[in-house]
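Please read the structure below before turning to the comments.
Each value in this text was obtained by applying a stated rule to the coordinates, not by laboratory testing. Bear in mind the structure is a predicted one, so any value in this text is a computation, not a measurement. With ideal geometry, Cβ positions are generated from the backbone for all residues, glycine too; neighbour counts draw on all protein chains shown.
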Amino acid sequence: MATVLVVEDDEFVRSAIIRELAGRRHVVRSAGCALDALREISQHPPDAVVLDLGLPDLDGSEALKMVRGISDVPVIVATARDDEAEIVRLLQAGADDYLVKPFSGDHLGARLEAVLRRARSAPPPQVLRVGGLLVDVNRREAALDGGPLTLTRREFDLLAYLAVRADRVVTRKELRTEVWHQSYGDDQTIDVHLSWLRRKLGESASNPRYLHTVRGVGVMLSAPR
Ligand code: CA
């Protein structure tokens with residue numbers, strides 16, 4: 001089940017598509033013009049969009065471009081023209097797939113399942129959540145229980161590396177090669193950084209909440225129980 005936004009100005013075609021998708025147990029919302037569709041996408045982000053290219057207010061490829069400006073949602077464009085150059089252009093402009101009108105309900109259903117499947121297998125967003133700890137890998141920001149953490153570059157790298165591998169023991173050797181990029185060295189540097197990180201997380205080695213030392217092996221980040 002997914003939430004699908006159907007953008008189609010022809011009421012007859014629109015209700016046929018809505019019926020078809022609802023019959024496939026999708027939640028269907030609809031819009032009759034591009035600007036309504038854009039508003040809908042920003043206010044109630046759908047899982048996929050079926051976008052008619054012949055809309056009254058905006059040219060189809062303009063509409064597609066504007067959708068892409070605000071969202072990465074999978075878009076299937078529905079075009080009346082079986083024109084290869086046009087279809088290639090639309091795919092390059094960010095459409096995920098296309099349908100040439102008139103299309104059958106089965107055809108629509110199959111294309112929709114395919115784009116939803118692809119979207120679901122896409123890499124997860126790089127914001128990691130471990131209990132009350134939030135690590136935004138792309139923005140290099142971290143917060144604990146809603147309050148921002150001020151971390152040095154190395155502390156952030158260390159935290160992010162552990163957060164990606166939450167609930168798994170990471171060895172000091174792995175930290176040394178993957179975070180410090182050193183093939184050998186002493187573990188004291190790592191231990192010192194771990195203790196700084198621990199202090200910023202408001203905990204101590206003897207009373208850990210997130211950072212758990214596994215004696216003789218390494219360290220594990222996990223949410224407090
Ligand atoms: Ca139309």
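Working note: Karplus 6.51/-1.76/1.60 with θ = phi - 60° gives the range 37-42 the couplings 5, 5, 5, 4, 5, 6 Hz, where Gly and Pro are set to x. Most simply put, the chain has about 50% antiparallel DSSP beta bridges, counting only bridges with both residues inside it. For the range 1-44, the dipole from Cβ point charges (+1 on Lys and Arg, -1 on Asp and Glu) about the Cα centre works out to 300 debye, to the nearest 20.
In angstrom, the C-alpha Rg and Dmax of the range 1-130 are 14.1, 49. Taken over the Cα atoms of the chain, the convex hull encloses 162 Å³ per residue. Distance between the 7 Å Cα→Cβ label points at residue 181 and residue 217: 3.0 nm. Taking θ as phi - 60° and the Karplus parameters 6.51, -1.76 and 1.60, the scalar couplings of the range 19-24 work out to 4, 4, 6, 5, x, 8 Hz in sequence order, x denoting glycine and proline. Spacing of the modelled spin labels on residue 199 and residue 106, each 7 Å from Cα toward Cβ, amounts to 6.9 nm. For residue 30, the shell of other residues with beta-carbons less than 11 Å away shows a net charge of -4, using +1 for Lys and Arg and -1 for Asp and Glu.
Kindly list the residues of the range 40-81 that lie in the label zone of residue 92, defined by a backbone N under 16 Å from the point 7 Å along the Cα-to-C-beta vector. The answer is 61-62, 65, whose backbone nitrogens lie closer than 16 Å to the label point.
Overall, the chain carries a charge dipole of about 1480 debye about its Cα centre when +1 sits on the Cβ of Lys and Arg and -1 on the Cβ of Asp and Glu, all other atoms neutral. Applied to the range 49-56, the Karplus parametrisation 6.51 cos²θ - 1.76 cosθ + 1.60 on θ = phi - 60° returns per-residue 3J(HN,Hα) values of 10, 9, 10, 6, 8, x, 9, x Hz, with x for Gly and Pro. Summing charges over neighbours of residue 206, with a neighbour being any other residue whose Cβ is under 14 Å away from its Cβ, gives +3 when K and R count +1 and D and E count -1.
When both bridge partners sit in the range 3-120, DSSP labels roughly 5% of those beta bridges antiparallel.
In a solvent-free Debye calculation with one equal scatterer on each Cα, what is log10 I(q)/I(0) for the range 1-51 at q = 0.15, 0.21, 0.23 Å⁻¹, listed in the order of the q values? Calculated log10 I(q)/I(0) at the listed q: -0.33, -0.65, -0.77. Amide H contacts under 5 Å for residue 27: 2, 3, 4, restricted to partners 5 or more places along the chain or on a different chain, H placed in the peptide plane at 1.01 Å from N. Per the Debye formula with a single identical scatterer at each Cα and no solvent contribution, what log10 I(q)/I(0) holds for the range 127-221 at q = 0.12, 0.25 Å⁻¹? Each listed q corresponds, in turn, to -0.33, -1.55. With contacts taken as Cα pairs under 8 Å and at least 6 residues apart, the chain reaches a relative contact order of 12 percent.
Compute the relative contact order of the range 127-221 as a whole-number percentage, counting only Cα pairs closer than 8 Å that sit 6 or more residues apart in sequence. In percent, rounded to a whole number, it is 25. Projected label points at residue 165 and residue 140, each 7 Å from Cα along the beta carbon direction, are separated by 2.2 nanometres.
In the neighborhood of residue 94, defined by Cβ-to-Cβ distances under 15 Å, what is the net charge if each Lys or Arg adds +1 and each Asp or Glu adds -1? Every neighbour counted, the sum reads -2. Short-range pairs are left out: with C-alpha atoms under 8 Å and at least six residues apart, the relative contact order of the range 3-120 is 23 percent.
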